[in-house]
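The values are calculated or read from the model by the stated rules, or taken from the named source; none is laboratory data. Quick caveat: nothing in here was measured; it's all calculated off a predicted structure. All Cβ positions, even for glycine, are placed from backbone atoms using ideal geometry, and neighbour counts span all protein chains on display.
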Amino acid sequence: MTPSSRLTQVKNLSEAINQCLQRAGDCARKAAAESDPKIKADFLDTKRRWTALARNYEFAKRLTDGAKQNDKLPKVRTRYNKIYARSPLPAAVVC
């Protein structure tokens, strides 16, 4: 992935986070104005879902930001890399 496509991806994530939070706010305002308890609960549930989606996008953005930082680190070749790059992964333990 090129640095410019990562930058676009982060901008898109930031926009998605903002949109989710705006929609969550809209749902909260609609819930506050609603007198029917069922409809109010639906708005609050939808607000919760928009907020959860925003948190997921924030997590993805942090991962993307971390990957960007990792690209800036110098690549280090060590004896550990040489030994373990060739060895197969251990079998998983099943309980």
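Structural remarks
- Inter-residue pairs, beta-carbon under 9 Å, first closer than 16 Å to Ala16 by Cα and exposed (fewer than 12 other Cβ atoms within 10 Å of the Cβ) and in the stretch 48-73, second at pLDDT below 85 and of a type outside the set (Phe, Trp, Tyr), 6+ apart: none
- Which numbered condition Lys40 fails, given (1) touching an Asp or Glu at 6+ places or on another chain (Cβ under 7 Å); (2) touching a residue at least 24 places away in the same chain (Cβ under 8 Å): (2)
- Residues in the stretch 24-56 that are touching a Lys or Arg at 6+ places or on another chain (Cβ under 8 Å) and outside any helix (DSSP H, G or I): Glu34 only.
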